[in-house]
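Novice: Pasting a structure below so you can have a look.
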Amino acid sequence: MVSPDNEKITAATTTTELPSESSSQKANFFPWLEDEEQRGIPSKVLRRFPVLGALGLVGSGLTCLFSWATLYFFNGHKVVEGGYLPKPAAWLSIILSLNSILAHTAVSQGVAISWWYRASRRKATVEELHNVWATGSSIAAALTTWKAFNYIALATVFVGTLPINGILLQNAMTSGIKYHQVNKTANFSIATSLPAGFSADLNVDGSVGTYNSLWQTVTPEIVGNMDGFYKTFDIMNSCKGDCSATVEAVGFQVEDVCPTYTIPYSLPTDTSSNSTVDSTIFSVDVTWNSSTPNTIGLNSLVKSSSDCAGVYTVANCTLQMAKVKYPVWVKYNETGDGKWSWYNRRPWLDPVHRLSYYNPSEIVEVYPVVTETNNTVFGGIASALQSYYGSSIVMHPTTNGTTLKYNGLFAQQLPTGIIAGQTDQFGNAVPTPDRCNTSFTQFFGYGNPTDFMLTTMRETMFYASIYQAYQDQISIQTLDQTPDWISTNEYRVLWKYWAGSVGVTLAIILFILPTFYGFWTLARKTTLSPLETARAFHAPVLREAPKHLDTPGLLKELGKSNIHTDMMPNEAPAEK
């Protein structure tokens, strides 16, 4: 026969446990490892099933699917600008918040089940129930109450790692530039010829006089442009990405492939020769004459050997102005300034490697000669080229040795194989006995000054054609099936971070699950409300409450009772 005391315990907790010989404080990590036996009394599992906790676990797992769907949907889509549509970060924040709510709901019900599962044991102690409540309610308590660390504390700690889940999931979404090729009909604003008087007026003797005001303004951007490209705001271009095409523009035809010959030299090595004659060891000249207005001359001399006795290499080029073909890259908004950048592909082997020699243009037609009397098309261009590139380096003997004299801006930029610009405190060149060993082998990536100058002069004509089209707004070349590589800022997914987020979520679910162990042994659905926990401690007013009556049922019976009078009918409340 069961004693009255046993009946009270059973009524307050459960009817499913026999007295055990082991202590309820036995230090097994998981509850199913403990050696207490449960009665085989049929239980109404469905009625006791923790629906909210199960929904929390399932919902938390589904957030992994929701996050995958969000990332999959936005992956490869254009980055959302402005505030019109929710961005991926907003959706992920919603999913993370939902996951946090669901995980905390599940662990709260799991801790309540674990607390009541422990309270249902005949040898349960106050300390044990306090530890279950403390480690299930606070991460700090779970980490500091190490003697009582078990599956409940582990679940609490893992739920505390939810912020890591947020960091991983937010980092799973990034963005980057992606190029899409679109073949379309494109307009290119570039002139095929230059108008009369484009560059300068002529003096009475036929020499170049005053530059045209527009040409004088744009000369610094065109002549001596070492960027390798020319930028324009010309909205007549329809390329909206990176276009590749072949257009026609102003250039030249090199006659007789620049005849080249040599001149012997013997330079003094020191002052013993008593030579006082200057020796030119490098020179570049650009020439033009009004009698042949469509012809520009290029002459160069270079000492390519370090020997003090050898030969100079001399080249004399005749350039006939012509319409030529330019394979080009046209890139829109390359540096975020809304401009079109024009690149001539002729000097390039591929987009990465530049040629070290002059690559001749494909000629469309040589321009017919038109007599010029008052102004000129190409005379001012030739004059500007001579002003920038016309240079010489002269070896000057003195009684103390030899010095090098640099004439012209271009000459000052050339590496000479010796310490350039050696001067004294007054800025005078310092004499050195063996300046004759000076040589020139590299000209900004080219092997000789002629190839460098031909390439540079063609770039000048190319840039001038772009500039002229911008001025007249009618020089448009329309080309069909032009590949246009359009850049788009798109979302990109780093799936490894998403996988890490999924791992964190699944670990949280995995370690919450054990807290639901034993729910089928309880007499009812349980919570940790004060009214519920009072039953575990056998409060007099609740001692006779039926074991199957849950919290809502208790509230219907006792919810209106006064805690000071109705709960303690034989004692009056003390005055405060």
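Novice: Within the set of pairs 6 or more residues apart or between chains, which connect a residue that is free of Cβ contacts under 8 Å to residues at least 40 places away in the same chain and at positive phi inside segment 508-525 to a residue that is in a loop (DSSP other than H, G, I, E, B) and among the β-branched types (V, I, T) with Cβ atoms less than 8 Å apart?
Specialist: none
Novice: Restricting the first residue to segment 302-321 and requiring it to be more than 27 Å from S193 (Cβ to Cβ), which pairs with a second residue that is in a loop (DSSP other than H, G, I, E, B) and β-branched (V, I, T) meet a Cβ separation below 8 Å and a spacing of at least six or different chains?
Specialist: K303/T438; S304/T441; S306/T438; C308/T269
Novice: Would you check which residues across segment 279-314 are part of a loop (DSSP other than H, G, I, E, B), open to solvent by less than 10 Å² (accessible area, probe 1.4 Å) and over 17 Å from Q442 (Cβ atoms) and list them?
Specialist: The one that is part of a loop (DSSP other than H, G, I, E, B), open to solvent by less than 10 Å² (accessible area, probe 1.4 Å) and over 17 Å from Q442 (Cβ atoms): P293.
Novice: Is there any pair linking a residue in segment 188-213 that is without any contact (Cβ under 8 Å) to a residue 12 or more places away in the chain to one that is of a type outside the set (S, T, N, Q) and surrounded by 19 or more Cβ atoms within 10 Å (Cβ to Cβ), with Cβ under 6 Å and at least six apart or on different chains, and which?
Specialist: G209/L202
Novice: Looking only at segment 322-343, count every residue that is small (G, A, S) and over 23 Å from the mean Cα position of the chain (by Cα) and tell me the total.
Specialist: 1
Novice: Moving on. Does R435 meet the test of being modelled with pLDDT of 85 or more, of a type in the set (K, R), under 30 Å from M226 (Cβ atoms) and open to solvent by less than 30 Å² (accessible area, probe 1.4 Å)?
Specialist: In short, no.
Novice: Next question. Within segment 389-399, does at least one residue satisfy the condition of being of a type outside the set (S, T, N, Q) and either within 22 Å of G206 (Cα to Cα) or within 42 Å of the chain's Cα centre (by Cα) (or both)?
Specialist: The answer is yes; a qualifying residue exists.
Novice: Restricting to segment 438-479, name every residue that is open to solvent by 40 Å² or more (accessible area, probe 1.4 Å) and at negative phi.
Specialist: Of everything in segment 438-479, those that are open to solvent by 40 Å² or more (accessible area, probe 1.4 Å) and at negative phi turn out to be T441, Q442, G447, N448, Y470, Q471, D472, I474, I476, T478, L479.
Novice: Here's another thing I want to ask about it. Looking only at segment 485-497, which residues are closer than 19 Å to P86 by Cβ and surrounded by 14 or more Cβ atoms within 10 Å (Cβ to Cβ)?
Specialist: Matches in segment 485-497: E490, Y491, R492, V493.
Novice: Can you spot a residue in segment 143-157 that is of a type in the set (G, A, S) and surrounded by fewer than 16 Cβ atoms within 10 Å (Cβ to Cβ)?
Specialist: Looking through segment 143-157, none of the residues is of a type in the set (G, A, S) and surrounded by fewer than 16 Cβ atoms within 10 Å (Cβ to Cβ).
Novice: Here is a follow-up. Among the listed residues T271, T232, which satisfies the condition of being in contact with a helix residue (DSSP H, G or I) (Cβ under 9 Å, 6 or more places away or on another chain), on the phi < 0 side of the Ramachandran plot and at pLDDT below 95?
Specialist: Criteria check complete, one pass: T232.
Novice: How many residues are surrounded by 18 or more Cβ atoms within 10 Å (Cβ to Cβ), more than 53 Å from the chain's Cα centre (by Cα) and part of a helix (DSSP H, G or I) if we restrict to segment 501-546?
Specialist: Residues meeting the conditions: 7.
Novice: Let me ask something else. Residue by residue through segment 363-376, note down the ones that are exposed (fewer than 14 other Cβ atoms within 10 Å of the Cβ) and in contact with a Pro (Cβ under 9 Å, 6 or more places away or on another chain).
Specialist: Within segment 363-376, V369, V370, T371 meet the criteria.
Novice: Run down W342, W348, W288 and say which single residue is in contact (Cβ under 8 Å) with a residue 12 or more places away in the chain and closer than 29 Å to D484 by Cα.
Specialist: One residue alone meets the criteria, W342.
Novice: Further, regarding this structure: Within segment 87-139, how many residues turn out to be open to solvent by 30 Å² or more (accessible area, probe 1.4 Å), touching a residue at least 40 places away in the same chain (Cβ under 8 Å) and of a type in the set (K, R)?
Specialist: Result for segment 87-139: 2.
Novice: Go over the candidates I139, I152 one by one and state the one that is at pLDDT 85 or above and either at negative phi or of a type outside the set (F, W, Y) (or both).
Specialist: After ruling out the rest, the residue left standing is I152.
Novice: If you go through segment 328-362 one residue at a time, how many are assigned to a strand (DSSP E or B) and open to solvent by 20 Å² or more (accessible area, probe 1.4 Å)?
Specialist: The number of residues fulfilling the criteria is 7.
Novice: Could you tell me which residue of segment 64-86 is most open to solvent (accessible area, probe 1.4 Å), considering only residues that are of a type in the set (F, W, Y) and under 22 Å from A499 (Cβ atoms)?
Specialist: Y72
The values are calculated or read from the model by the stated rules, or taken from the named source; none is laboratory data. Only a predicted model underlies this, so the values are computations on that prediction, with no experimental measurement involved. Note that each Cβ is placed from the backbone with ideal geometry, even for glycine, and that neighbours are counted across all protein chains shown. What goes into the accessible areas is simple: the full protein's heavy atoms, side chains included, and nothing from ligands, DNA or RNA. Shrake-Rupley method; radii C 1.70, N 1.55, O 1.52, S 1.80 Å.
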